[in-house]
There are 2 protein chains.
Amino acid sequence: MKLLFPLALASVLSAVADPLPSWQETETKKAIVSFVENVTTPGSADYVDPAARIATFDNDGCLWSEQPIYFQAFYIFDRIKELAPRHPEWKEEEPFASVLKGEVEKALEGGEEALLKMAMATHAGLTDEEFRATVGKWLATARHPKTKRPYTEMVFQPMLELLAYLRANEFKTFIVSGGGIDFLRVFAEDVYGIPPQQVVGSSIKAGYEVRDGKPVIVKLPELDFIDDKEGKPVGIHQHIGRRPIFAAGNSDGDFQMLEWTTSGEGARFGLLVHHTDAEREWAYDRESHVGRLDRGLKEGPDRGWTIVSMKDDWNRVYPAAP
Amino acid sequence: MKLLFPLALASVLSAVADPLPSWQETETKKAIVSFVENVTTPGSADYVDPAARIATFDNDGCLWSEQPIYFQAFYIFDRIKELAPRHPEWKEEEPFASVLKGEVEKALEGGEEALLKMAMATHAGLTDEEFRATVGKWLATARHPKTKRPYTEMVFQPMLELLAYLRANEFKTFIVSGGGIDFLRVFAEDVYGIPPQQVVGSSIKAGYEVRDGKPVIVKLPELDFIDDKEGKPVGIHQHIGRRPIFAAGNSDGDFQMLEWTTSGEGARFGLLVHHTDAEREWAYDRESHVGRLDRGLKEGPDRGWTIVSMKDDWNRVYPAAP
Ligand SMILES: [Ca+2]
Ligand SMILES: [Ca+2]
């Protein structure tokens, strides 16, 4: 190649620098890079216009860890403890009573419904501004029970690189999570480079009112949308209005999102993070109470999805401590 | 000024070219330009980071005309006529019976509720793909009863320039409309340069299913969200997750969106298009059955909102015929 202009040199240099340094040189990395080159090379049969380069990412277990329980559940438990003095009735009422006694597993026995009940009890009534302030304060001070790290430092370095790599190739990156949309928005821009308008998640309803002359958005004690399983393609439809060409998840809650994404015409990419690394993170799949991955492992390969083995495909899990 | 480099020349030329040629040289135009310069000039007390430069636009009566009835209502009426052979019961059932008899005013007597009933009856059951195809076909062939133009040529040239001007200044432009979100998405990107993920609107619920091995999004006969009045700041919250710094509308249905936008801290801009031009478009406000504007005219000026007089502030209304 002849280097005629400084511009050409710069583009050669940036092509030479590895955009995915935390990914091992395995088939997985090759598949990702080859997909991105395919859809972005003008004249390629698989070329996709930048406007249609939509990539969606699950959050819990895909962009950050989710063990021993979803991190948002830790937030909700801490809020319940903080609010308990104003709710003497919680001492007798499940799942709150178990939370206050520190019996986390028992509190979560009620599954999604129990979690939702706690989320609504702790979120509703707050203005959006108040809610964001409590989450921001919690993220700044809370530490994970095992790693002792702030939760926002338990994001996956290889996935941060993947997000940046896609954006450098004119993809728009979205979060599509079963977690709370407004919880995610507090840190998604700083931590993932994903602005609030590109976050899709579960939500409770909101209202608008003028309080003492000051307009506010208030969270209401009513479920709005659950962004999980069939809900993920629906959330994508309502928020984004366009089918992604790339989707990443880690559990059977992402099955429909990957199915919807990869059944479109043209080149498509489905990615599942398989937690195989008990040493550096956690190892779990079919039997796990969070992030259960069974159908995806069974059907994924035949559907052309790429299963990422955390242990074999990543040379680093978390970012270096700042 | 010394012109040292071709780049500097280009930037001088583009600064000299008027980005809003269809706007008269009035106080209105000055106010818009001065706001944009204020929030985009580094070092200015009112400087706003590009990530927070969110601008929201109502659609009907703000980006395109809305007389004698909302254009989406024309679409719905045409669909009812098309589907009537499959619905013999509509001959006896209001508001369908009036539509089929061509009695438009009577069909609309039931107000928003009647319109919603017709929207659901004609939209529900379709896959998203089918729905988009019917809207696309209609937009390509339908003509406005008075102007005989395609509806997408009844957009306001000055507003197209305003959208482009804001985007050239690193604003993200969104539609926030009481109209149907998926109806708008069919043409918003081509006509306004606004991609589907930046459209907020009223919606019915959607479902995800696999039909004969093919995944589809299906529209359901259940109301999801009405994006009007208090619903506009709520829709902004749920979809965008960030308060706009610029909002434009034309009726009292936009009051809360402008109130929410302009009550934030720092420089804010609220704009109301006042339909004052019976000759080139329509003249209406307080007494109109569509786009009623009363409270906005009364309270807007004291709130610092800019009232655009179509007659006096625009030297052109529609784009030149292509
Ligand atoms: Ca997950
Ligand atoms: Ca309007």
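The numbers here are math on the coordinates, done by the rules we state, and not lab data. Note that this is a predicted model, so its numbers are computed, not measured. Quick reminder, even Gly has a Cβ in these numbers, built from the backbone with ideal geometry, and neighbours come from all protein chains shown.
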Antiparallel versus total DSSP beta bridges in the protein assembly as shown: what percent is that, nearest 5? 40
Charged-residue dipole, Cβ positions (Lys, Arg, Asp, Glu), segment A:71-141 about Cα centre, Debye nearest 20: 280
Identify, for chain A, the residue whose C-beta comes nearest the rotation axis onto chain B, and round that distance to whole Å. A:H239, 3
B:K30: which aspartates and glutamates have alpha carbons under 16 Å from its alpha carbon, excluding same-chain residues fewer than 8 sequence positions away? B:D18, B:E161, B:D312, B:D313
Antiparallel bridge percentage (DSSP; both residues within chain B; nearest 5): 40
Other protein chain Cβ atoms within 10 Å, averaged over every residue that makes up A:221-230: 1
Determine, from the Cβ-Cβ distance of B:R132 and A:L116 and an R0 of 25 Å, the FRET efficiency 1/(1 + (r/R0)^6), rounded to the nearest 0.05. 0.15
Report, for A:E170, each distance to the same residue's label point in the other copies, shortest first and in nm; define the point 7 Å along Cα→Cβ. 2.1
Using the Cα centre of the protein assembly as shown as the reference point, and only Cβ charges (+1 on K/R, -1 on D/E), how large is the resulting charge dipole? Debye, rounded to the nearest 20. 1160
Using Cα-only point scatterers and the Debye equation, what is log10 of I(q)/I(0) for the protein assembly as shown at each q in 0.05, 0.08, 0.10 Å⁻¹, rounded to two decimals? -0.25, -0.66, -1.03
Points 7 angstrom from Cα along the Cβ direction at A:R286 and A:E93: gap in nanometres? 4.1
Using only atoms on other chains, find how many Cβ atoms lie within 10 Å of each Cβ of peptide A:231-242 and report the average. 6
Over segment A:219-259: Kirkwood hydrodynamic radius from C-alpha pairwise inverse distances, Å: 11.0
Using a Förster distance of 22 Å, the FRET efficiency for A:D212-A:R86 (Cβ separation, nearest 0.05): 0.50
Debye log10 I(q)/I(0) for segment A:71-141, one point scatterer per Cα, at q = 0.13, 0.18, 0.24 Å⁻¹: -0.34, -0.66, -1.13
Taking a ≥ b ≥ c as the square roots of the eigenvalues of the Cα gyration tensor, with a/c under 1.5 meaning rounded and otherwise prolate when a/b exceeds b/c and oblate if not, segment B:97-213 is oblate
Go through A:A97, A:L126, A:A107 and say which Cα lies farthest out towards the positive end of the charge dipole of segment A:71-141; charges sit on Cβ, +1 for Lys and Arg, -1 for Asp and Glu. A:L126
Under a plain spin-label model, where a point goes 7 Å from the Cα along Cα-to-Cβ, how far apart in nm are A:N169 and B:S44? 3.8
Per-residue HN-Hα couplings for segment B:90-103, Karplus 6.51 cos²θ - 1.76 cosθ + 1.60 at θ = phi - 60°, whole Hz, x for Gly and Pro? 5, 4, 9, 10, 7, x, 4, 4, 5, 4, 5, 8, x, 9
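What net charge is computed for the residues neighbouring A:D58, neighbours being all others with C-beta under 12 Å from the C-beta of A:D58, Lys and Arg scored +1, Asp and Glu -1?
-4
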Peptides B:203-211, B:155-163: what's the order by average Cβ count within 10 Å, highest mean first? B:155-163, B:203-211
Give me the net charge of A:G264's neighbourhood, meaning all other residues with Cβ under 11 Å from the Cβ of A:G264; Lys, Arg count +1, Asp, Glu -1. +1
At A:E153, label 7 Å along Cα→Cβ: distances to the other copies, nm, ascending? 6.3
Row for chain B, column shape: gyration tensor on C-alpha, a ≥ b ≥ c, rounded if a/c < 1.5 i.e. under 1.5, prolate if a/b over b/c, else oblate; value prolate
Which distances in nm, rounded to one decimal and ordered from shortest, link the label point of A:T41 to the equivalent label points in the other identical copies, with labels set 7 Å from Cα toward Cβ? 4.8
Taking H as built 1.01 Å from N, whose amide H comes closer than 5 Å to the amide H of B:F57, not counting residues under 5 places away? B:F174, B:I175, B:V176, B:A248
If the cut-off is 23 Å between C-alpha atoms, which lysines fall inside it for A:K29, apart from same-chain ones fewer than 8 positions away? A:K172, A:K298, A:K311
Taking chain B and counting helices only, DSSP H stretches of n ≥ 4 at -39,500 (n - 2.57) each over all residues, the nearest-500 ellipticity at 222 nm comes to -11000 deg cm²/dmol
Ranked packing of A:302-308, A:186-192, most packed first, by mean Cβ within 10 Å: A:186-192, A:302-308
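Under 1.5 on a/c is rounded, so check that first for segment A:141-209, then, if it is not, pick prolate when a/b is larger than b/c and oblate when it is not; a ≥ b ≥ c are the square roots of the alpha carbon gyration tensor eigenvalues. Could you put the intermediate results ahead of the total?
Values: a/c = 2.41, a/b = 1.07, b/c = 2.24.
Cα axes put segment A:141-209 in the oblate bin.
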Can you figure out the FRET efficiency of A:A320 with A:T26, using R₀ = 25 Å and their beta-carbon distance, to the nearest 0.05? 0.70
Going by average Cβ neighbours within 10 Å, how do the peptides A:67-80, B:54-67, B:117-130 rank, with the highest at the top? B:54-67, A:67-80, B:117-130
Which of the lysines could be linked to A:K81 by a straight reach, that is with a Cα gap under 27 Å, when you skip same-chain ones fewer than 8 residues away? A:K91, A:K101, A:K106, A:K117, A:K137, A:K146, A:K148, A:K205, A:K219
All other residues with a Cβ under 12 Å from the Cβ of B:G304 taken together, and with Lys, Arg as +1 and Asp, Glu as -1, what is their net charge? -1
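Suppose every Lys and Arg Cβ carries +1 and every Asp and Glu Cβ carries -1, with no other charges. What dipole size does segment A:191-322 come out with about its Cα centre, to the nearest 20 debye?
That gives a dipole near 380 debye.
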